[in-house]
Amino acid sequence: MIFEIENYVTLKSAVKEFCDVFNQKNIPSERIFDSKLVVYELLGNVLKHSGGSAKLAVELLQEYIELKIMAERVFCPPQKGKCAEVFSEHGRGLFLVDSVCTERTFTEDGGILVRIKIK
């Protein structure tokens, strides 16, 4: 599945669509939640910081959910997320993404690739 993400409305619509497909394919609800968290965090960062649109590719590959984000204007998040200070209002997103993913990489073509183990 490939989605064009131009704003938060199209982001929300894409998440609903792939979650509906995951539910039909009996993907565990915990992994669906993890996928939503990852997509909202990473695409939210792209929309906020890169100033452009993005494409989201979602695939089910045997034992993984694979999510790839290609921003119109390349956005490279830090290589490793770290937890923010206790009273900080921001800065936990990548830490949470990394905690639910098996892998998060920045690809040679400027994309963000994430794999989440299904079981």
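The values are calculated or read from the model by the stated rules, or taken from the named source; none is laboratory data. Not measured: the values here are computed from a predicted model. Backbone-built Cβ (ideal geometry, glycine too); neighbour counts: all protein chains shown. To get the accessible areas, we keep the full protein, side chains included, count just its heavy atoms, and leave off ligands, DNA and RNA. Shrake-Rupley method; radii C 1.70, N 1.55, O 1.52, S 1.80 Å.
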Taking region 99-119 as the search range and keeping residues that are farther than 14 Å from V74 by Cβ and modelled with pLDDT under 90, which one is surrounded by the most Cβ atoms within 10 Å (Cβ to Cβ)? S99
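State yes or no: is E72 surrounded by fewer than 14 Cβ atoms within 10 Å (Cβ to Cβ), at pLDDT 85 or above and not polar (S, T, N, Q)?
Values: surrounded by fewer than 14 Cβ atoms within 10 Å (Cβ to Cβ): no; at pLDDT 85 or above: yes; not polar (S, T, N, Q): yes.
Taking the combined requirement at face value, the residue does not satisfy it.
Residues of region 20-45 being free of Cβ contacts under 8 Å to residues at least 40 places away in the same chain and surrounded by 17 or more Cβ atoms within 10 Å (Cβ to Cβ), which ones? Before you say what the answer is, go through the steps one by one.
Looking only at region 20-45, we keep the residues that are free of Cβ contacts under 8 Å to residues at least 40 places away in the same chain, and these are 20-21, 23-26, 29-30, 32-33, 36, 39-40, 43.
Answer for region 20-45, where residues must be free of Cβ contacts under 8 Å to residues at least 40 places away in the same chain and surrounded by 17 or more Cβ atoms within 10 Å (Cβ to Cβ): I32, V39, L43.
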Being closer than 13 Å to F3 by Cβ and open to solvent by less than 10 Å² (accessible area, probe 1.4 Å) is the filter here, so list the residues in region 46-65 that pass it. V46, A54, L56, V58
Subset tally (residues that are modelled with pLDDT under 95 and aliphatic (A, V, I, L, M)) for region 39-59: 5
Looking at (1) surrounded by fewer than 18 Cβ atoms within 10 Å (Cβ to Cβ); (2) within 24 Å of S99 (Cα to Cα); (3) touching a residue at least 40 places away in the same chain (Cβ under 8 Å), which is the only condition I2 fails? (2)
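If you take the residues in region 75-95 that are outside any loop (DSSP other than H, G, I, E, B) and open to solvent by less than 80 Å² (accessible area, probe 1.4 Å), which one is modelled with the highest pLDDT?
So in region 75-95, the residues outside any loop (DSSP other than H, G, I, E, B) come out as 93-95.
Add one more test, that the residue is open to solvent by less than 80 Å² (accessible area, probe 1.4 Å), and what stays is 93-94.
Working: G93: 72, L94: 81.
Across region 75-95, the extreme among qualifying residues is L94.
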Here are some conditions: (1) within 10 Å of the chain's Cα centre (by Cα); (2) modelled with pLDDT of 90 or more. I65 meets all but one. Which one does it not meet? (1)
